[in-house]
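The values are calculated or read from the model by the stated rules, or taken from the named source; none is laboratory data. The structure presented is a predicted model; accordingly, all values stated were derived computationally and were not measured. Here the Cβ is made from the backbone with ideal geometry for all residues, glycine too, and neighbour counts use every protein chain on show.
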2 protein chains.
Amino acid sequence: MIDNPYYTPEFHGDYELISIGRLDLEEGGSIPDCRLAVATFGTLNDAKDNAILIPTWYSGTHQIFRDVYIGPDHALNPDEYFIVVIDQIGSGLSTSPHNADGANAGIAMSKFPHVRIGDDVVAQERLLREHFEIETLQLVVGGSMGAQQTYEWAVRFPDKVKRAAPIAGTAQNTPHDFLFTKALNEAITSDPGFNGGEYSSNADVVGGLRRHAGIWAVMGFSTEFWKKEVWRALEFDSKEAFLEGFLEPYFTVMDPNDLLCMAWKWQRGDVARRTGGDLAAALGRITATTFVMPISEDMFFPVRDCRTEQEMIKGSELRVIDDVLGHLGLFGVAPTYMPQIDQHLGELLARPA
Amino acid sequence: MIDNPYYTPEFHGDYELISIGRLDLEEGGSIPDCRLAVATFGTLNDAKDNAILIPTWYSGTHQIFRDVYIGPDHALNPDEYFIVVIDQIGSGLSTSPHNADGANAGIAMSKFPHVRIGDDVVAQERLLREHFEIETLQLVVGGSMGAQQTYEWAVRFPDKVKRAAPIAGTAQNTPHDFLFTKALNEAITSDPGFNGGEYSSNADVVGGLRRHAGIWAVMGFSTEFWKKEVWRALEFDSKEAFLEGFLEPYFTVMDPNDLLCMAWKWQRGDVARRTGGDLAAALGRITATTFVMPISEDMFFPVRDCRTEQEMIKGSELRVIDDVLGHLGLFGVAPTYMPQIDQHLGELLARPA
């Protein structure tokens, strides 16, 4: 266990750590005491049928949803819905390589088992059912790896998911995405300070984490983001200052093994694992009313790939979010971003389901 | 000086090493005895006005042009033209960090000075004039960094360049491209074996060169290249085998300092250095009949960026090459690639100029 002050309420605000007990994993092995960090907004009604679930993306937590996506002025309105954000396994807040202790102590750090998107979804379903008695979700919505979990939910538990909104992510990860994530991983693991995963602090791996941020700079935004110097809106005066003041510190506080745990899942996200590799059959199981929401300038979950999947989902619609930020438009930096999200999610929630 | 068997006629076929004497550099300093590797095809006519110049791209040499682009069945036809391919400074065949000896011995390895695209073009102009007595070029054509040099030629020596065909490259490098190249560089320099540039063999840096190849895998092809498994056409049976059997060995034989020398130039390619930063003014100097030829799926010299520049060049035309390989379509792997190149270059050469 590593004491990393980033993964605390001081940085992430209030959340509850809820144990779901032993989680047996798809790849074999188990997490003896799986704890999920959960932040909720709004009130669960007596019928327990006004819940929305938000799973989180790579490196992200409930924090960004609380700060950007959720509020009385948004479609994700806690005055109407009980909104549950569950931080993924490996996020650093839920059970993760860096924080494994107690019953999990034997699987700390580099020995942490491989977790799959499906394991997260099974864990989340159990938590919602056992802890909140929620059997039906009005909406599952998530971005990037959150979209992977959204698809997994809609395929695995079609009776529980009334509506689904995968944003900037796919149901079946692409080979290009796999290679992108491989490059991210290798930036970290090639740092001599990584020491096969047995470093004593994330600070030992700061060089690798910085290079990892540098690869995000190439793929996370769009070519036009850099050309138009959109980072000026964040009050930086050079792209170097933006890297050093924003993207690098965003990642260098994080735990390397935690990032690698999430990346392993991301690389292998695939709903067709449920149907012997038949993607159309897997997506054909979806009964949720689904809006597929890619971001126009996304370089690694491009609209083309998202449209291909959308066309396999009965009654679904493609709703492209126009954003020059590309994938990291998910941060909601552009003033035009949330209005588009709110419009599409508002329409989706207004649909009978 | 490092003895690297890759940079020999055994791997690159015949070429001539021609000294142009001392080359003073834009950034200061000089190369005391600058030697350029030159491969020629066809015969220079008595009027010395049937020459075509091809400058080379990052990691490439004259070899790919000889094997793929030049021939009696191509627009670059040695039966009609005297075609001169000049390997760029840092290419490993021309004067480069790894091979500096003789008069250049004092500037070997990590002390090699910064060279700019403009230095290459000045060196090439001198070589053509002094060695071949060529004062006029029917065409300058190059891909990627070769396109950067093509633009530099057309802006710097407008009276000498009748036609220009920059393929998959820009006149002014973009900030996104700068960051992509930065990630490539850092993959190399972060390898402990790099040792500040003072390794004893490229084999010391094989890990870094492999990660560098891994980043090329992400940006060099298109997302669709990987999704459609286009590498199967090259007779590999998995993307991993393609990486290990093609992309990694392509780069791991190369010299790290040579790659870094070229990358430094690439990052800073900018014809507007001639006009106080005014790109329109620089491109306005071009009198060559110009076809701007981006590749449709290029992830770092996207059509959008190339079109913006093309629109600043009087009488120019945008000729997009359709190729799912993306930037590395330049290798001419797709059977549909060279027919498009030949058609456009053939039309361009048929234009009065």
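The table below gives the values:
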read-out: Count of residues meeting criterion [out of contact with any helix residue (DSSP H, G or I) (no Cβ under 7 Å at 6 or more places or on another chain) and either part of a loop (DSSP other than H, G, I, E, B) or at the interface with chain A (Cβ under 8 Å from one of its Cβ atoms) (or both)] in segment B:225-236; value: 3
read-out: Test result for A:GLN124, assigned by TED's automatic domain parsing to the domain that holds A:ILE18, in a helix (DSSP H, G or I), closer than 22 Å to A:PHE331 by Cα and touching a strand residue (DSSP E or B) at 6+ places or on another chain (Cβ under 8 Å); value: no
read-out: In segment A:238-256, residue farthest from A:ASN99 (Cα to Cα) [restricted to those that are surrounded by 20 or more Cβ atoms within 10 Å (Cβ to Cβ) and among the hydrophobic types (A, V, I, L, M, F, W, C)]; value: A:PHE242
read-out: For B:PHE82: the one exception among (1) of a type in the set (Phe, Trp, Tyr); (2) in contact (Cβ under 8 Å) with a residue 60 or more places away in the chain; (3) in contact with a Leu (Cβ under 8 Å, 6 or more places away or on another chain); value: (2)
read-out: Neighbours by Cβ (under 6 Å, 6+ apart or cross-chain): first from segment B:293-311, within 12 Å of another protein chain (Cβ to nearest Cβ) and more than 20 Å from A:ASP298 (Cβ to Cβ); second surrounded by 23 or more Cβ atoms within 10 Å (Cβ to Cβ) and of a type in the set (Phe, Trp, Tyr); value: none
read-out: Test for A:VAL324: is it in the same structural domain as A:HIS98 (by TED's automatic domain parsing), surrounded by 15 or more Cβ atoms within 10 Å (Cβ to Cβ) and in a strand (DSSP E or B); value: no
read-out: Among the residues listed as B:PHE251, B:PHE300, B:PHE242, the single one being part of a loop (DSSP other than H, G, I, E, B), farther than 24 Å from B:ILE52 by Cα and not acidic (Asp, Glu); value: B:PHE300
read-out: Members of segment A:100-153 found to be farther than 30 Å from A:GLY196 by Cβ, charged (D, E, K, R) and surrounded by fewer than 24 Cβ atoms within 10 Å (Cβ to Cβ), listed by number; value: A:GLU125, A:ARG126, A:ARG129, A:GLU130, A:GLU133, A:GLU135
read-out: Pair list, Cβ < 6 Å and 6+ apart or interchain, from segment A:42-61 residues that are in the same structural domain as A:ILE341 (by TED's automatic domain parsing) to residues that are part of a loop (DSSP other than H, G, I, E, B) and of a type in the set (D, E, K, R); value: A:LYS48/A:GLU133; A:THR56/A:ASP87; A:THR61/A:ASP87
read-out: Odd one out for B:ILE313, checked against (1) over 27 Å from B:LEU209 (Cα atoms); (2) among the aliphatic types (A, V, I, L, M); (3) outside any loop (DSSP other than H, G, I, E, B); value: (3)
read-out: Flag if B:ALA263 is farther than 30 Å from B:MET1 by Cβ and either away from chain A (no Cβ under 14 Å) or part of a helix (DSSP H, G or I) (or both); value: no
read-out: From the options A:ARG163, A:ARG210, residue that is touching a residue at least 40 places away in the same chain (Cβ under 8 Å), assigned by TED's automatic domain parsing to the domain that holds A:SER94 and of a type in the set (Lys, Arg); value: A:ARG163
